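> Can you read through this structure? Questions will come right after.
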Amino acid sequence: MNKKNKKRLLFLGLITILFLMSGCAVQTLTDPETGETVTKLIYSTTTFKEIFDTEDFFNALLVWPMAQVINHAAPVVGVAGAIAVVTAGVHLIVTLVTWKSTLSTQRMQMIQPEITKIQQKYEGKEDEASKMKMSNELMALYKKHDISPFGSIIPLFLQMPVLFAIYHAVQRAEVVLKGSFLGMSLSVSPMEGLFQLHHFGYVILCLVMFAAQLGSMMLPTWLANYKAKKEAELHHRKYTPSSANNTMMPMMVMILVLSVTWPSAMTVYWIISSLVSIVKTLLTQVLVNKQSA
């Protein structure tokens with residue numbers, strides 16, 4: 001990596017850290033009637049100045065606008081629709097800003113079987129000559145597909161604070177925590193909804209979230225394996241599917257466990273976010289295929 005890219009990544013890293021340090025916890029306050037600590041809601045009447053004066057720039061510049069879009073859109077398209085509007089809109093903006101890097105990331109995911117094949121070729125070889133050969137082969141592969149090995153880092157730095165902001169906005173928007181979805185209160189956790197309200201819909205909500213998130217995380221590998229299989233059949237080679245995303249399963253289990261304890265609004269958001277990611281991956285792949293055709 002040259003000095004220019006190192007400085008750029010360092011700058012992005014510092015910006016990301018500042019955002020996350022200032023906005024890692026959702027704002028709370030003490031209810032004067034009950035004495036309980038509750039989430040500090042953003043109402044449709046809450047002004048930018050109020051948030052900027054009493055909180056920090058993360059909540060003022062990112063969380064407040066998103067929460068207000070949700071508050072004002074919900075009466076028109078419903079709570080889930082409002083969350084979908086914000087989530088899809090933010091994903092679209094981030095994708096446009098980081099389009100070149102997004103394409104590079106997509107290509108990287110699609111050639112994962114070829115990367116794995118090269119790594120397996122030199123598996124167990126620790127001498128410098130073998131390491132150099134593997135590095136050269138990987139760099140040649142990246143050059144062939146016009147991929148920057150560090151291209152996926154830039155979108156990550158830009159997306160993290162924005163995704164944190166959506167997460168906070170969904171929890172703080174008044175219409176979300178006071179609203180409902182398919183007859184289910186969004187302010188209670190799926191566990192509370194099942195055992196206290198006796199609504200089985202909360203179980204279905206968690207299962208849908210798990211399936212959507214699994215699809216979002218595994219789709220790049222599935223597409224890459226499909227492409228590799230077609231290439232192998234075309235050239236009469238043995239096909240070996242990639243299992244690179246198997247390491248993501250523990251993360252999936254952790255997300256499922258957490259999803260039964262957080263407000264159901266977050267489960268709805270997670271479903272929508274995963275579906276948006278799936279659509280984005282498919283559309284990007286279509287464009288990648290057109291460019292490589």
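Just so you know, all these numbers are worked out from the coordinates, no wet-lab data involved. Given the structure is predicted, the values throughout are model-derived calculations rather than measurements. Here the Cβ positions follow ideal geometry from the backbone for every residue, glycine too, while neighbour counts run over all protein chains shown.
> Based only on other Cβ atoms within 10 Å, what is the fewest-to-most ordering of 175, 170, 276?
Taking fewest neighbouring Cβ atoms as first place, the list is 276, 175, 170.
> Still on this structure: What is the extension gain from residue 33 to residue 130, computed as 0.36 nm multiplied by their sequence separation minus the C-alpha to C-alpha distance, in nm to one decimal? Let's see the in-between values first.
Working: separation 97, 0.36 × 97 = 34.92 nm, distance 6.90 nm.
Length gained, residue 33 through residue 130: 28.0 nm.
> With a ≥ b ≥ c taken as the square roots of the eigenvalues of the C-alpha gyration tensor of segment 61-100, please select rounded if a/c is under 1.5 and otherwise prolate if a/b is larger than b/c or oblate if it is not? Display every interim value, and only then the final one.
Values: a/c = 4.14, a/b = 1.83, b/c = 2.27.
Cα axes put segment 61-100 in the oblate bin.
> With the cut-off at 22 Å, tell me which of the pairs 121/143; 131/230; 117/229 have Cα atoms farther apart than that. Before the final figure, lay out each step's value.
Working: 121/143 19 Å; 131/230 30 Å; 117/229 13 Å.
Exceeds cut-off: 131/230.
> Please report 273, 216 as a ranked list, fewest other C-beta atoms within 10 angstrom at the top and most at the bottom.
Numbers: 273 25, 216 20.
Starting with the residue having the fewest Cβ neighbours, the order is 216, 273.
> How long is the gain from residue 40 to residue 140 if the chain were fully straight, where each residue apart is worth 0.36 nm and the alpha carbon distance is subtracted? The partial results should precede the final answer.
Values: separation 100, 0.36 × 100 = 36.00 nm, distance 5.24 nm.
That pair, residue 40 and residue 140, stretches by 30.8 nm at full extension.
> What is the order of 52, 200, fewest Cβ neighbours within 10 Å to most?
Values: 52 14, 200 10.
By the 10 Å Cβ count, ascending, the order reads 200, 52.
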